[in-house]
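Colleague: I'd like to ask some things about the structure below.
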Amino acid sequence: MAVLRNYNVKEEERIKEFWLAHNIPAKVREKNASSGKSFYFMDGPPYATGHIHMGTALNKILKDVAMRAKRMQGFYVFDRPGYDTHGLPIENKVEKKLGIKHKQEIEKFGIANFVEECRKFATMHIEDMNKEFLDLGVWMDWDNPYLTLTQDYIEAIWWTFKRAEQRGMLYLGKYPVHVCPRCETAVAYNEIEYTKLTDEAIYVKFPLVDKPNTFLIIWTTTPWTLPGNTGVMVHPEFEYAFAKLSNNETWIVAKELLQELMDAIEAGYTIEKVVKGKELEGLRYRNPLAKHLALAELKNAYRVILSERYVTLEQGTGLVHTAPGHGKEDYDAGTKAKLPVICPVALDGTLTGEAGKYAGKKARVVDAEIIEDLEKDGFLVYRHAFTHDYPICWRCKTPLLMLATPQWFLKVSDIRAKLIEESEKVNWVPEWMKARMRNWLESLNDWPVSRQRYWGV
């Protein structure tokens, strides 16, 4: 508190007025212009959505410290600030201003009208934010910030896309990506936040085609993906038990996880035999929701496939429900095994006609009805609450869905090795960030760059 009591607001104002009256920031900026040493500073821009907050303040203060240090070392510093004036954060602010809650209301309002409102909103706060950053003592070129909505910036983006296309790094693909059903658009990996959600997890019986009263037992926390199921993964080297229950049913479960499940449902059993997962490959089953769906005949679907990478014994049954249209791991293992990829869910989270009786209902919300049908039809084994980390949209906090929809991708995987190589040359402070960055780069997938929205390039 002593620091606060001694803080002199008048003195701060006097210093600020002196800086402005004598044009000190500009003089400092030009002092090293002829030094022959240049330092290029690229300002990752904040969104121009209103007044600055603690995060943007800290960001700019740290940048200012770095630039001041370089100037003191004799460098001529390029210090042009920027503002991100495109994208969903701007749209969300305008939606709030106009009282718009759904994407369809934007189209009713008129896309051109909405875009113009976005343009106005995206530029109305820039002078205020300039002043607030300057009040923090940040010396950047506030008279000349770059804006992502100007024609020169937009043309630079198109030039980049053209170069990517020429190098074979731009492609249209159908691949599971995170989708925000409220914003009705794809969400990139770096736009995802996580929160704790409690969902109803279920154990489900998948009946084998050629073995009466014999079932594969799967576990899932996303019942809404079951209409998109086309396979079941097992680990080739894990042991799987054929457990005979008192009701004359035989359940196939990973031996190591069998007792845990039987304890949960308080059931007795005897083990008929134990086999390696690779002996289960190719077993065919029926989707337990089949009678409720309206799918066309699928070739090579509904069979057991092998995966050493994506099957664990940490939880569940050791048999993984595989919906290639609803998960990256599912897609990877499923397409390698030539499973069909289906995605009976639209961008707004509504199940499509292929989902039969569930068509028109929302993913996640429909879970309760799916679980009820499984129970009525005798395929539900056990249900329980399960709290887990779940991805949400960083803009509106809506839980995200994994959907395989046509999107434009930049083929980052082509340059991943080069990115890692360059990262190794960087002097990381603190040092542990080097390993963290390498881990992130090693798991980097191709970047979905298309957005099904209105305010952007």
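The values are calculated or read from the model by the stated rules, or taken from the named source; none is laboratory data. All of these numbers come straight from a predicted model, not from anything done at the bench. Here Cβ is always computed from backbone atoms with ideal geometry, including for glycine, and neighbour counts include all displayed protein chains. Surface accessibility is based on the protein's heavy atoms, side chains included, excluding ligands, DNA and RNA. Shrake-Rupley method; radii C 1.70, N 1.55, O 1.52, S 1.80 Å.
Colleague: Which FRET efficiency value, to the nearest 0.05, is calculated for Ile15 and Ile415 with the Förster distance at 45 angstrom and r the Cβ-Cβ distance?
Modeller: 0.45
Colleague: Further question on the same structure: Tabulate in residue order the Karplus-calculated ³J(HN,Hα) for region 135-148, using 6.51 cos²θ - 1.76 cosθ + 1.60 with θ = phi - 60°, rounded to whole Hz; enter x for Gly and Pro.
Modeller: 4, 6, x, 7, 9, 10, 7, 5, 7, 9, x, 8, 10, 6
Colleague: Would you work out the Kirkwood radius for region 406-451? I mean one over the mean of 1/r across all pairs of different Cα atoms, in Å.
Modeller: Kirkwood radius, region 406-451: 11.6 Å.
Colleague: A follow-up question, please. Only Cα pairs under 8 Å and at least 6 apart count here; give the relative contact order of the chain as a rounded whole percent.
Modeller: 19 percent
Colleague: Suppose all protein chains stay in the model; what accessible area per residue would a 1.4 Å probe give for the chain, in Å²?
Modeller: Normalised by residue count, the accessible surface of the chain is 53 Å².
Colleague: How big is D for region 3-90, in µm² s⁻¹ as a whole number, if Stokes-Einstein is applied with the Kirkwood radius of its Cα pairs at 4 °C and 1.567 mPa s? Mind dumping the intermediate values first?
Modeller: Working: Rh = 15.4 Å.
Taking Rh from Cα pairs, D becomes 84 µm²/s.
Colleague: Let me check against my output: what whole-number percent is the relative contact order of region 347-457, with C-alpha pairs under 8 Å and at least 6 apart?
Modeller: Relative contact order here is 20 percent.
Colleague: To the nearest 500 deg cm²/dmol, what mean residue ellipticity at 222 nm is calculated for the chain from DSSP H runs of n ≥ 4 alone, each contributing -39,500 (n - 2.57), summed and divided by the residues?
Modeller: -10000 deg cm²/dmol
Colleague: Restricting to DSSP loop positions (anything but H, G, I, E, B) with no more than 14 other Cβ atoms inside 10 Å of their own Cβ, which chymotrypsin sites (Phe, Trp or Tyr not before Pro) remain in region 396-457?
Modeller: Those satisfying the criteria are Trp428.
Colleague: Select from region 33-131 those trypsin sites (Lys or Arg not before Pro) which occupy a DSSP coil region and have at most 13 other Cβ atoms within 10 Å, ordered by residue number.
Modeller: Loop-located and lightly packed - Lys37, Lys101.
Colleague: For region 282-412, what are the per-bin percents of Cα-Cα distances with bins 5 Å wide, up to the bin holding the maximum?
Modeller: Percent of Cα pairs in each bin: 2, 8, 14, 21, 23, 20, 9, 3, 1, 0.
Colleague: Could you work out what % of the accessible surface of region 299-358 is carbon and sulfur, using a 1.4 angstrom probe and leaving DNA, RNA and ligands out of the count?
Modeller: 45 percent
Colleague: Which whole-angstrom value gives the distance between the alpha carbon centres of region 253-315 and region 27-70?
Modeller: If you average the Cα positions of each part, the centres end up 57 Å apart.
Colleague: Another question, then. For region 60-218, how big is the tail of P(r) above 23 Å, as a whole percent of Cα pairs?
Modeller: Values: 8283 of 12561 pairs.
Summing the P(r) tail past 23 Å for region 60-218 gives 66 percent.
Colleague: Bin width 10 Å, alpha-carbon pairs only: give the P(r) of region 191-345 as whole percents, running from 0 to the bin holding the largest distance.
Modeller: In order of increasing distance, the bins hold 11, 41, 35, 12, 1 percent.
Colleague: Turning to a different aspect of this structure: Round to a whole number: what % of the accessible area of region 1-116 belongs to carbon and sulfur, probe 1.4 Å? Intermediate results must be reported in sequence, preceding the final value.
Modeller: On the way: 4640 of 7550 Å².
Roughly 62 percent, rounded to a whole number.
Colleague: Sticking with this one: What is region 9-93's relative contact order, in percent, from Cα pairs under 8 angstrom and six or more apart in sequence?
Modeller: It comes to 42 percent, rounded to a whole number.
Colleague: Find how many whole Å separate the alpha carbon centroid of region 187-245 from the alpha carbon centroid of region 159-183.
Modeller: That distance is 30 Å.
Colleague: Okay, next question. How many nm is it between the label spots at His102 and Arg436, if each spot is 7 Å from the Cα in line with the beta carbon?
Modeller: With each label point 7 Å from Cα toward Cβ, the separation is 4.2 nm.
Colleague: Roughly what percent of Cα-Cα pairs across the chain reach past 43 Å? Mind showing how you got there, number by number?
Modeller: On the way: 33495 of 104196 pairs.
Considering the chain, 32 percent of its Cα-Cα pairs are separated by more than 43 Å.
Colleague: Next question. Roughly how compact is region 19-60, stated as its Cα Rg over 2.2 N^0.38 Å to two decimals?
Modeller: Against the empirical 2.2 N^0.38 Å value, I get 1.60 for region 19-60.
Colleague: Same structure, new question: Under 16 Å between alpha carbons, and skipping anything fewer than 8 positions from Lys291 in its own chain: which aspartates and glutamates qualify?
Modeller: Within the straight-line cut-off, Lys291 pairs with Glu354, Glu369, Glu372, Asp373, Glu375, Asp377.
Colleague: Where does region 106-149 land on Rg(C-alpha)/(2.2 N^0.38 Å)?
Modeller: Against the compact-globule rule of thumb, the ratio is 1.56.
Colleague: What residues qualify as long-range amide H neighbours of Val177, i.e. H under 5 Å apart, gap of 5 or more or another chain, H built at 1.01 Å from N?
Modeller: It is Leu403, Ala404, Thr405, by chain and number.
Colleague: Would you mind pulling out the separation of the Cα centroids of region 97-128 and region 390-457, in Å?
Modeller: Here the answer is 28 Å between Cα centres.
Colleague: Still on this structure: Highest first, please rank the peptides 278-284, 76-82, 156-162 by the mean number of other Cβ atoms sitting within 10 Å of their residues.
Modeller: 76-82, 278-284, 156-162
Colleague: Out of residues 5 or more away from Cys393 or on other chains, whose amide H comes under 5 Å of its own, with H placed 1.01 Å from N in the peptide plane?
Modeller: Sorted by chain and number, the residues that satisfy this are Thr398, Leu400.
Colleague: How far, in nm, would the chain grow between Tyr194 and Trp394 when pulled straight, counting 0.36 nm per residue and subtracting the alpha carbon separation?
Modeller: Gain on extension, Tyr194 to Trp394, equals 71.1 nm.
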